[in-house]
């Protein structure tokens with residue numbers, strides 16, 4: 001009985017060694033035959049759009065001092081001139097302006113709301129979630145939204161997708177986007193044009209229920 005146990009143990013040990021050797025070879029093969037890195041996708045250039053001022057709203061998302069700062073989102077301060085210009089154009093065309101912020105937060109001085117602007121308090125990246133944003137838009141007869149904001153991969157991505165899913169035509173001004181990394185904004189722009197059910201692969205201007213990538217100096221109102 002003792003010898004039988006020994007022979008079985010020795011056999012198992014040999015099998016374990018053989019298995020280890022085979023796995024090691026497979027691992028080495030995988031290391032030397034890795035697939036090439038996938039190609040980086042391209043994003044269409046921003047395109048000019050002319051939106052109907054009577055059915056368009058301008059959304060400025062989360063431009064608060066705790067986020068839009070050189071220590072938190074390095075690129076955000078650099079977007080403020082474009083955001084300010086976009087806000088001025090919207091005000092001049094009597095386009096309703098809606099800000100999102102957080103309870104107790106302060107909107108950065110460069111892009112402070114005007115007296116008649118609407119401010120929505122939210123706790124989520126999706127500014128439609130548990131807010132009255134959809135009601136405000138519907139009551140104003142809004143079918144198009146122009147959007148800028150930070151984080152691009154947070155507030156902008158999720159609010160833009162939700163807006164398109166709810167049937168709004170969405171324009172995102174890429175010079176008004178910021179995030180902790182440039183990569184986050186790149187991925188956001190790609191996803192906005194390739195999202196399932198809301199795709200606009202060719203970046204067709206004002207494609208219904210989808211996102212168009214534009215720029216504040218390419219957006220006009222009629």
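The values are calculated or read from the model by the stated rules, or taken from the named source; none is laboratory data. The structure presented is a predicted model; accordingly, all values stated were derived computationally and were not measured. FYI the Cβ positions are ideal-geometry reconstructions off the backbone, even for glycines, and counts take in every protein chain you see.
Rundown of residues vs (1) within 20 Å of the chain's Cα centre (by Cα); (2) at pLDDT 95 or above, yes/no style:
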{"position": "72", "(1), (2)": "yes, no"}
{"position": "76", "(1), (2)": "yes, yes"}
{"position": "93", "(1), (2)": "no, yes"}
{"position": "100", "(1), (2)": "yes, yes"}
{"position": "143", "(1), (2)": "no, yes"}
{"position": "152", "(1), (2)": "yes, yes"}
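For residue 74, the stated conditions do not hold, so it cannot be described as under 17 Å from residue 212 (Cβ atoms), surrounded by 14 or more Cβ atoms within 10 Å (Cβ to Cβ) and in contact (Cβ under 8 Å) with a residue 60 or more places away in the chain.
Of the residues 136, 119, 95, which single one is surrounded by fewer than 20 Cβ atoms within 10 Å (Cβ to Cβ) and closer than 20 Å to residue 166 by Cβ? Before you say what the answer is, go through the steps one by one.
Working: 119 fails: closer than 20 Å to residue 166 by Cβ; 95 fails: surrounded by fewer than 20 Cβ atoms within 10 Å (Cβ to Cβ).
Just a single option satisfies the conditions, and that option is 136.
For (1) within 18 Å of the chain's Cα centre (by Cα); (2) modelled with pLDDT of 95 or more; (3) closer than 20 Å to residue 90 by Cα, each residue gets a yes or a no:
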site	(1), (2), (3)
126	yes, yes, no
138	no, yes, yes
146	yes, yes, yes
166	yes, yes, no
172	yes, yes, yes
177	yes, yes, yes
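Of the residues 192, 177, 157, the single one that is touching a residue at least 12 places away in the same chain (Cβ under 8 Å), out of contact with any strand residue (DSSP E or B) (no Cβ under 8 Å at 6 or more places or on another chain), within 25 Å of residue 68 (Cβ to Cβ) and surrounded by 20 or more Cβ atoms within 10 Å (Cβ to Cβ) is 157.
Residues checked against (1) under 18 Å from residue 210 (Cα atoms); (2) assigned to a helix (DSSP H, G or I); (3) not assigned by TED's automatic domain parsing to the domain that holds residue 206:
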| position | (1), (2), (3) |
| --- | --- |
| 41 | no, no, yes |
| 44 | yes, no, yes |
| 59 | yes, no, no |
| 94 | no, no, no |
| 105 | no, no, no |
| 124 | no, no, no |
| 129 | no, no, no |
